[in-house]
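The structure appears right after this line, and notes come after that.
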Amino acid sequence: MLTRLKNLIFKSLADAKAHFSEVVDTAAGGKHDVVITKNGVPRAALISYEKYTKMLNFLSTAYELYLMDAGEKALGTELEDILEDSSED
């Protein structure tokens, strides 16, 4: 299930730096993801390591399915390349 907005906690960069241990504990608990903002703009997200590994496993499985469907045209395309391209948006 995707994180709903109500499960997100927004922290300014200054606040996150000042209370970093608390921010990490909040994210590590798994109930809330923490979005770090800079000048009011979301710049990073902190999630639990368990959620991170689950997301990577899901992406890896989805990528394998993509390769099976796309066939030869997907040769040479790595998951890391796809993720890097999408971060430039």
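Could you please let me know if residue 70 is at pLDDT 90 or above and among the aliphatic types (A, V, I, L, M)?
No, not satisfied.
Just for segment 19-31: of the residues that are more than 18 Å from the chain's Cα centre (by Cα) and surrounded by 12 or more Cβ atoms within 10 Å (Cβ to Cβ), which one is farthest from residue 41 (Cα to Cα)?
Result: 22.
Does segment 1-58 hold any residues that are touching a helix residue (DSSP H, G or I) at 6+ places or on another chain (Cβ under 6 Å), part of a helix (DSSP H, G or I) and of a type in the set (Gly, Ala, Ser), and which are they?
16
The values are calculated or read from the model by the stated rules, or taken from the named source; none is laboratory data. All values reported here derive from a predicted model rather than from experimental measurement. In this analysis, Cβ positions are derived from the backbone assuming ideal geometry, glycine residues included, and neighbour counts consider all displayed protein chains.
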